[in-house]
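These notes are about the structure you will find just below.
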Ligand SMILES: [Zn+2]
């Protein structure tokens, strides 16, 4: 996308969301400024590379940036509008052909002929929760490869949808509160099962590997989030356990050692009784489940 189009979209978004316009407009062209070969490597915004070639693996960069910014928002920090501008740039770049496509330049020029229409800004934009992370490939898909005006609209709408969703209230929406309370109560009641999980998963030689996969669960103090994270990597921990046990039996013919390696597998089966509904699973990184979580 040309700078003119980036600015056109981002200006409207800043106004729509009541964000500081100047730093956002600066941010929305910054990745192209530093994205040329002559600037070399080492330009990072929120840990995401902006240097050449920033037009590669853009979806992953967008996802990482969203996650980092959301983490700050959950801690009560305000995201930097300049960084939001950079994020807009990456999103908007996805509505035109990739640089390598021969139609890229002509199409980019055609898009720059158009302006944001007032009527587009009146259309409602949904608010998406943590589901936005796995919906990204669909949201960022190139939808209008032959219509420059529709591409500009797409750039505006997609970056607005993502920014609006990213900047929403950090606390768990009221509609999820009852599910959360119920899940918390159930997990608290499963004390023996919880102990069994940790003992089976960690009293064996695979403990260091499992600790890596359980990193987030271990650092998490909220019980629902902790067991949500435990469940997320359960399959991986289970496979490692089976693989290690087979290795022990096959290679070393060690029966007791193999059995020890199989313990985490049983631990992972137990996670089936840690029920965390999908509404909470997809929002482990998206909301503070308790009001005072940010301060802890
Ligand atoms: Zn770019």
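No other residue among 238, 267, 228 is under 20 Å from the mean Cα position of the chain (by Cα) and at pLDDT 95 or above apart from 228. Could you tell me which numbered condition residue 65 fails, if it satisfies all but one of (1) within 16 Å of the ligand (Cβ to nearest atom); (2) buried (at least 19 other Cβ atoms within 10 Å of the Cβ); (3) in a helix (DSSP H, G or I); (4) touching a residue at least 40 places away in the same chain (Cβ under 8 Å)? Condition not satisfied by residue 65: (4). Please determine whether any residue of the stretch 101-123 is part of a helix (DSSP H, G or I), free of Cβ contacts under 8 Å to residues at least 12 places away in the same chain and closer than 30 Å to residue 281 by Cα. Within the stretch 101-123, none of the residues are part of a helix (DSSP H, G or I), free of Cβ contacts under 8 Å to residues at least 12 places away in the same chain and closer than 30 Å to residue 281 by Cα.
Does residue 147 fit the bill of being farther than 24 Å from residue 279 by Cβ, over 23 Å from the mean Cα position of the chain (by Cα), surrounded by fewer than 17 Cβ atoms within 10 Å (Cβ to Cβ) and within 16 Å of the ligand (Cβ to nearest atom)? Here the answer is no, as residue 147 does not meet what is asked. Given the criteria surrounded by 19 or more Cβ atoms within 10 Å (Cβ to Cβ) and assigned by TED's automatic domain parsing to the domain that holds residue 14, does residue 94 qualify? Answer is yes for this residue. Only residues that are closer than 27 Å to residue 71 by Cβ and either surrounded by fewer than 17 Cβ atoms within 10 Å (Cβ to Cβ) or out of contact with any helix residue (DSSP H, G or I) (no Cβ under 7 Å at 6 or more places or on another chain) (or both) were counted across the stretch 224-255, and they come to 4. Of the residues making up the stretch 259-296, those that are closer than 18 Å to residue 196 by Cα, out of contact with any helix residue (DSSP H, G or I) (no Cβ under 7 Å at 6 or more places or on another chain) and touching a residue at least 12 places away in the same chain (Cβ under 8 Å) are 259, 260, 269.
Which residue out of 33, 94, 70 is within 12 Å of the ligand (Cβ to nearest atom) and more than 19 Å from residue 115 (Cα to Cα)?
33
Scanning the stretch 124-155 for residues that are out of contact with any helix residue (DSSP H, G or I) (no Cβ under 6 Å at 6 or more places or on another chain), outside any helix (DSSP H, G or I) and closer than 18 Å to residue 90 by Cα yields 141, 142, 145. Just one of (1) part of a loop (DSSP other than H, G, I, E, B); (2) more than 16 Å from the ligand (Cβ to nearest atom); (3) exposed (fewer than 13 other Cβ atoms within 10 Å of the Cβ) fails for residue 22. It is (1).
The values are calculated or read from the model by the stated rules, or taken from the named source; none is laboratory data. All figures in this text were calculated on a predicted structure; none of them were measured in a lab. Note that we place each Cβ from the backbone using ideal geometry, even for glycine, and neighbour counts take in every protein chain shown.
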